[in-house]
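Trainee: Below you will find the structure I want to go over with you.
Each value in this text was obtained by applying a stated rule to the coordinates, not by laboratory testing. Quick caveat, the model's predicted, so the values are computed rather than measured.
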Amino acid sequence: MLTIVVLGGLGLVLVVAAFIVTEVLAGLRRDELPTGTEEKTAGRVVRVRGPVRGQLDSGAPAVYTEVIVEYYTRRGEGPYEVARKFPAGSRITYAKGDRVIVAYDVRNPRRARLAGRVSHWPTMGPYSAAPAA
């Protein structure tokens with residue numbers, strides 16, 4: 001009789017431990033992003049400065065145009081700003097109000113980069129929780 005109680009108690013402990021392990025693993029998988037730690041969202045050009053005489057990110061002296069973009073994360077955090085310097089002779093041109101794709105790192109410190117221009121994204125910032133009627 002004592003053997004049955006001990007084995008039943010041990011079995012119950014193993015079942016509870018198995019449920020805890022599966023919950024932890026499910027939570028880890030839920031937090032992982034399919035692309036790693038980078039997400040993309042829409043941003044809007046808020047300032048264009050240039051041509052400016054100064055240094056590029058590599059430290060080389062140059063004449064460049066600086067584009068500053070404001071964006072919100074997909075979780076509603078922000079606004080954040082990201083800047084990119086383009087050489088003055090570059091064919092890439094941005095104007096204030098242009099929509100762009102911003103790729104950002106979800107970890108802190110948040111690093112972002114411009115990933116291109118877009119015109120088909122209807123909203124900026126986080127997705128609405130309620131579907132449109």
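Trainee: Show me, for the stretch 67-84, the HN-Hα J-couplings you get by feeding each phi into the Karplus relation (A = 6.51, B = -1.76, C = 1.60, θ = phi - 60°), rounded to Hz, glycine and proline as x.
Mentor: 10, 10, 10, 9, 8, 10, 6, 6, 9, x, 7, x, x, 10, 10, 9, 10, 9
Trainee: With the Cα gyration tensor of the stretch 56-119 giving a ≥ b ≥ c as the square roots of its eigenvalues, does the rule (a/c under 1.5 for rounded; else a/b larger than b/c for prolate; else oblate) give rounded, prolate or oblate?
Mentor: oblate
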